[in-house]
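Notes follow the structure.
Where a number appears in this text, it was derived from the coordinates with a stated rule and is not lab data. Quick caveat, the model's predicted, so the values are computed rather than measured. Note that each Cβ is placed from the backbone with ideal geometry, even for glycine, and that neighbours are counted across all protein chains shown.
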Amino acid sequence: MKEETLNYFRGMLVLQRIELHAAASRTVSDMMAEPAKSADSLDRAVAEFDRQLELSIRRRDRFVLHDIQQALQRIDQGIFGVCEMCGKPISERRLMARPTTQLCLNCQHRQERARGKAKRRLSVPRGKSCHPALMD
């Protein structure tokens, strides 16, 4: 991959990392601020729901930050844009859509199909039980 393209992706990833850190800081600041006291139980429930939703988003962001850091390391190592399964280049179009990806589209589909087959093998058919005492 050209140096110019790598620098573009590095800039994109660094910007995403900065934005996620800023969002996390805002969340911490907002949660440390004195919460509004409300006698209304519905208002308290809505505030708690909003707080839990925000925390859920931040948990997801931690995984995204980890993926971003790994992608930046792959850029530094010279292996960014190379599929980890087959070793072929990942298309720039795919990298634009998901710059943290580690697999080309073909290998991603192959992996998803394999996961789907594994899930089907583990699932219990309707009307059947996996409990030994209830099996036919």
- [ ] Pull up all non-local amide H partners of VAL82: gap of 5 or more, or a different chain, and H-to-H distance under 5 Å with H placed in the peptide plane.
- [x] ILE90
Task: Residues THR100, THR5, sorted so that the one with the fewest Cβ neighbours within 10 Å comes first - done: THR5, THR100
TODO: State whether region 1-126 is rounded, prolate or oblate according to the following rule on the C-alpha gyration tensor (a ≥ b ≥ c being the square roots of its eigenvalues): a/c under 1.5 gives rounded; otherwise a/b larger than b/c gives prolate, and the remaining case gives oblate.
DONE: oblate
TODO: Please give the length that would be gained between HIS109 and ASP40 if that part of the chain were fully extended, namely 0.36 nm times their separation in residues minus their C-alpha to C-alpha distance (nm, one decimal).
DONE: 19.9 nm
Task: Theoretical gain in end-to-end length, ARG120 to ARG58 [0.36 nm per residue, Cα-Cα removed] - done: 19.2 nm
Task: Least to most buried among SER91, SER56 (fewest other Cβ within 10 Å first) - done: SER56, SER91
